[in-house]
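The values are calculated or read from the model by the stated rules, or taken from the named source; none is laboratory data. Keep in mind it's a predicted model, so treat the numbers as computed, not measured. Positions of Cβ are backbone-derived with ideal geometry, glycine not excepted, and every protein chain shown enters the neighbour counts.
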Amino acid sequence: MDPELRAAAKDALIRYGGDAFPNLFRTAKGTIVTDDEGREILDFTSGQMCATLGHNHPAITTAIKNSCDTALHMFSGMIPESVVKLGRLLADWLPPPLQKSLFLNTGSESNEAALRLAKITTGGYEVIALGGSWHGTTGGSAAATFASDRRGYGPKIPGNHVIPEPNAYRCPIEHCRDTCDMSCLRVGLKMFDMATDGEPAAIIAEPVVSAGGIIVPPEGYFDQLKSAAQDRGMKLIFDEAQTAFGRLGTATAAAKLGVVPDIMTLSKTLGGGLPLSATVTSAEIEEEAHHAGFTFYTSHVSDPLLANVGLAVLDTIAREELMPRAILMGEYLTKGLRDLQQRHEAIGDIRGDGLLIGVELVKDRHAREPFHDLGALTTERCFELGLSMNIRRRPERGSVWRIAPPLTVSTEEIDRAVTILDQALTESLDKI
Ligand SMILES: Cc1ncc(COP(=O)(O)O)c(C=O)c1O
């Protein structure tokens, strides 16, 4: 450990929000990250929910090395062969008619592009997003984001509307308990219809509202959202940053739901840890957008390095059969957590899909008062004991661990994580 370097982190870096660990970090391999004291920590967030193949998977490092011998970056007007190959492969992975891709870098960017596509093809500008949603930190994406801090940056892009999220455990309209009857959606749409300027463009939604507390909408929700979009002449955008490419055990949430959006955005899991994102739509919408003058010309659009990585990620998910594995490991982890719930009254709810799991902490199971202190203390203790987990804490939404290990996680690693969690919960509860 280099104390001077740790001190320099305070002097040299801008703090960008979230809870940062006091330690610095050196390596990441598979499910393990190593800190500056040489401690090995189980990474149950897959980095920032990106490293679904585990960190530094050989297929990814080989793709990077090969790109060093061919091309890393090119003039944005030169389309690399690898980009076309990835576009063609994505069309095979996604439900029709989603077949035309634009390759960018971050999730925020992919949503900017999706919103622009929706705006230029509808002629409108109004956007509906769900409470608790997270679509990014850049202008348009941030305006449609309701899970992060919106204060302090002046007016957002006009025309963004929020509808209450379908959280059955903590119903935002205080109507349902445990079973969402979708009143939240009906009320939300009524409010939108009352407030609209008559210029609708898009409804954007995550298939599992992740940062908002791993909210899995009830069956039929997305069919209704699609009808709502169609009725209003809006484009439906699925933000599949976290849900695509195996985390739910399927290629996409759209395939699982049987609902195809007009536009899909893919990021985090497409690059497996490298900044690759995509905005995908139908040939018809792409044609219309192109004729209307659609542009999204960035420095790193269509970069060959990232396309090579994307090809390696998709190939590995198929070859290593990581989609069925995510289901098996998700069931195994959920069982371990349910056993913990038997012993810890503070675990109020366990929910999720595949290997995207939320655990909500409460002071008592009936009143469901959020147990924020326990969330903070236990997360800290887990880290000391060798497990990194992400806690989502908001006064209005409770304290929820977001657990999403790489799809390559082993049962031994899951057992170790559950044991650490058990010890951390017991010790933290004793302290409070
Ligand atoms: C669902 C979802 N969409 C978009 C984003 C933004 O992606 P990025 O941070 O790569 O801009 C995030 C980031 O956490 C996300 O969770």
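Details
- The residues of the stretch 220-243 that are of a type in the set (A, V, I, L, M), touching a Pro at 6+ places or on another chain (Cβ under 9 Å) and either in a loop (DSSP other than H, G, I, E, B) or more than 15 Å from the ligand (Cβ to nearest atom) (or both), listed by number, are LEU225, ALA229, MET234, LEU236.
- Residue within the stretch 207-215 that is within 16 Å of ALA255 (Cβ to Cβ) and under 24 Å from the mean Cα position of the chain (by Cα) present: yes
- Residue match in the stretch 130-148 (condition: at pLDDT below 95, surrounded by fewer than 21 Cβ atoms within 10 Å (Cβ to Cβ) and not hydrophobic (A, V, I, L, M, F, W, C)): yes
- So THR334, is it of a type in the set (Ser, Thr, Tyr), closer than 24 Å to VAL83 by Cα and either modelled with pLDDT of 95 or more or under 21 Å from the mean Cα position of the chain (by Cα) (or both): no
- Of the residues making up the stretch 86-116, those that are in contact (Cβ under 8 Å) with a residue 60 or more places away in the chain, closer than 25 Å to MET74 by Cβ, part of a helix (DSSP H, G or I) and within 16 Å of the ligand (Cβ to nearest atom) are GLY107, GLU109, SER110, ASN111, GLU112, ALA113, ALA114, ARG116.
- Filtering the stretch 332-360 to residues that are aliphatic (A, V, I, L, M) and more than 16 Å from VAL208 (Cα to Cα) leaves LEU333, LEU337, LEU340, ALA346, ILE347.
- Within the stretch 348-373, the set of residues being under 18 Å from ALA168 (Cβ atoms), without any contact (Cβ under 8 Å) to a residue 60 or more places away in the chain and touching a strand residue (DSSP E or B) at 6+ places or on another chain (Cβ under 8 Å) comprises ILE350, VAL359, LEU361, VAL362, ARG365, GLU369, PRO370.
- Boolean, PHE245 is crowded, with 24+ Cβ neighbours inside 10 Å, of a type in the set (Phe, Trp, Tyr) and in contact with a helix residue (DSSP H, G or I) (Cβ under 6 Å, 6 or more places away or on another chain): yes
- Residue in the stretch 281-295 that is in contact with a Leu (Cβ under 8 Å, 6 or more places away or on another chain) and closer than 25 Å to GLY47 by Cα present: no
- Failed criterion for ALA63 (all others in (1) away from the ligand (no atom under 15 Å from the Cβ); (2) at pLDDT below 95 hold): (2)
- Top-ranked residue of the stretch 266-322 - restricted to ones that are assigned to a strand (DSSP E or B), closer than 28 Å to ILE120 by Cα and not hydroxyl-bearing (Ser, Thr, Tyr), ranked as nearest to the ligand (Cβ to nearest atom): LEU266
- Test: THR34 is surrounded by 13 or more Cβ atoms within 10 Å (Cβ to Cβ), in a loop (DSSP other than H, G, I, E, B), of a type in the set (S, T, N, Q) and touching a strand residue (DSSP E or B) at 6+ places or on another chain (Cβ under 9 Å): no
- Per the listing ILE357, ILE347, the residue uniquely β-branched (Val, Ile, Thr), more than 21 Å from the chain's Cα centre (by Cα) and at pLDDT 95 or above is ILE347.
- For the stretch 117-139, a residue qualifies if it is small (Gly, Ala, Ser) and either within 11 Å of the ligand (Cβ to nearest atom) or within 17 Å of the chain's Cα centre (by Cα) (or both), and the qualifying residues are ALA129, GLY131, GLY132, SER133, GLY136.
- Members of the stretch 211-229 found to be in contact (Cβ under 8 Å) with a residue 24 or more places away in the chain and hydroxyl-bearing (Ser, Thr, Tyr), listed by number: TYR221
- Verdict on ALA211 being in a loop (DSSP other than H, G, I, E, B) and out of contact with any Pro (no Cβ under 9 Å at 6 or more places or on another chain): yes
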